[in-house]
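Since the structure comes first, as structure tokens, the remarks are kept for the end.
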Amino acid sequence: MDIVLTGTGSPLPDANRAGPSTLVKAGDTHILIDAGRGTVMRMAGGGSLPIFLSAVLITHLHSDHVCALNDVITTHWIMSQGNATLQVYGPPGTAKFVERQMGALEADIGYRIEHHDTLVNGPRVEVTELEAGDTFDVNDVHVSTAATDHAPVRPTLGYRLAHDGAVAAVVGDTVPCDGVDELAAGADAYVQTVIRKDLVELSPNEMFQDIGDYHSGVVEAAQTAARVGAKRLVLTHMVPAPTPEQYPEWIELAAAHFDGEIVIGDDLTTIAL
């Protein structure tokens, strides 16, 4: 199993970081978790494309995590010539979001069907809405879910993916909570969106300071990883985004609380399990 950080950015536009998304490749099964801005281009850089996806898993409906789902749907549709169904899983509200995306694409869908004889129908998207505790299989990858805590965003989900003895926990935006502990327990890789709370608190911008209420800090992520026995802590969605020269500082903060492997990097950083 490989984990590819297809987007390590945040809502803050960054020329070097796509919006939040993570690609898990388990043999021929490719699973995308979230679809922030630039996801499709980063997928291409990571050795995948929407046509190869067996599933898309959505953690929550904040715009920075789903704004490129439109692109994933359209590209999957065109590349499959309308013959494949895209499987999308997410919390309640996901079906309505996808329906509205399809509405936004209505004109485009019509243009393409009129132009291409091989296209006789619009995108085929099958949405499964999940509750915390649901489990299911995507080919030979077993997926389990748990509730995360990103209030006032409700509901939010994290995912645990198991394949051939390897386990990846991708939990999305959240503060530490029982659901995160459940997902990350003993995982080979625990992928956590993080902020530097010490730096955020220095900002005079009140809205920027608000993000500390519902995101895990680096220290909290490291404490979670240590508490639940995760083997690797993977930091993504970093705010404020560090430069490579600043990576050692972030790692040092985490290493004070977690003695396992700590991964931080640019888009397309890949972790082999």
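Averaging sequence separations of C-alpha pairs under 8 Å and six or more residues apart, then dividing by the length of the chain, give the relative contact order as a whole percent.
18 percent
Taking the Cβ-Cβ separation of ALA151 and ASN121 as r and a Förster radius of 30 Å, what is the calculated FRET efficiency to the nearest 0.05?
E between ALA151 and ASN121, to the nearest 0.05, is 0.15.
Could you do me a favour and compute the accessible area per residue for the chain, 1.4 Å probe, result in Å²?
That works out to 43 Å² for each residue.
By how many degrees, between 0 and 90 and to the nearest 10, does the Cα long axis of helix 94-104 differ from the longest principal axis of the chain?
50 degrees
State, as an integer percentage, the relative contact order of segment 27-173 based on alpha-carbon contacts under 8 Å between residues 6 or more apart.
22 percent
How much of the pair distance distribution for segment 54-200 lies past 23 Å, counting alpha-carbon pairs only, in percent?
Percent of Cα pairs beyond 23 Å in segment 54-200: 43.
Go through segment 100-138 and name the GluC sites (Glu not before Pro) that are in a DSSP coil and have 13 or fewer other Cβ atoms within 10 Å of their Cβ.
Hits after loop and neighbour filter: GLU131.
What is the gain in length, in nm to one decimal, between ALA95 and ILE51 on full extension, counting 0.36 nm per residue of separation less the C-alpha to C-alpha distance?
Using 0.36 nm per residue and subtracting the Cα-Cα distance, I get 13.8 nm.
Between MET207 and GLU261, what FRET efficiency follows from the Cβ-Cβ distance if R0 is 35 Å, with the result rounded to 0.05?
Plugging the Cβ-Cβ distance into 1/(1 + (r/R0)^6) gives 0.50.
Per the 1.4 Å probe, what fraction of the accessible area of segment 207-268, in percent, lies on carbon and sulfur atoms?
52 percent
Near LYS25, which lysines are there with a Cα under 30 Å away, not counting those fewer than 8 places off in the same chain?
LYS96, LYS231
List the residues, sorted by chain then number, that are 5 or more residues from TYR89 or on another chain and whose placed amide H is less than 5 Å from its amide H.
VAL56, LEU57, ILE58, THR128
Rounded if a/c is under 1.5, else prolate if a/b is larger than b/c, else oblate: which is segment 11-107, with a ≥ b ≥ c the root eigenvalues of its Cα gyration tensor?
rounded
At 1.306 mPa s and 10 °C, plugging the Kirkwood radius over alpha-carbon pairs of the chain into Stokes-Einstein gives what diffusion coefficient in µm²/s?
85 µm²/s
Could you work out which residue, out of HIS30, HIS62, HIS215, moves most in a Gaussian network model of the chain, that is, has the largest mean-square fluctuation with Cα springs under 10 Å?
HIS62
Quantify, in whole percent, the carbon and sulfur part of the accessible surface of segment 1-64 (1.4 Å probe; protein heavy atoms only).
That share works out to 54 percent.
For segment 68-199, give the percent of accessible area contributed by carbon and sulfur heavy atoms, probe 1.4 Å, rounded to a whole number.
47 percent
For the chain, modelled as a GNM with alpha-carbon contacts under 10 angstrom, which of LEU202, LEU69, LEU105 fluctuates the most?
In the Gaussian network model the winner is LEU202.
Measuring from centroid to centroid over Cα atoms, what is the spacing of segment 215-267 and segment 58-72 in Å?
The two parts, judged by their Cα centres, are 24 Å apart.
Please identify which residues in segment 59-89 have an amide N closer than 15 Å to a label point set 7 Å out from the Cα of ALA104, following the Cα→Cβ vector.
In segment 59-89, the label zone of ALA104 (backbone N under 15 Å from the point 7 Å along Cα→Cβ) covers 61-75.
The values are calculated or read from the model by the stated rules, or taken from the named source; none is laboratory data. Everything numeric here is computed off the predicted structure, so don't read it as measured data. Cβ atoms come from the backbone with ideal geometry, glycine included; neighbour counts cover every protein chain shown. Accessible surface areas use protein heavy atoms only, side chains included; no ligands, DNA or RNA. Shrake-Rupley method; radii C 1.70, N 1.55, O 1.52, S 1.80 Å.
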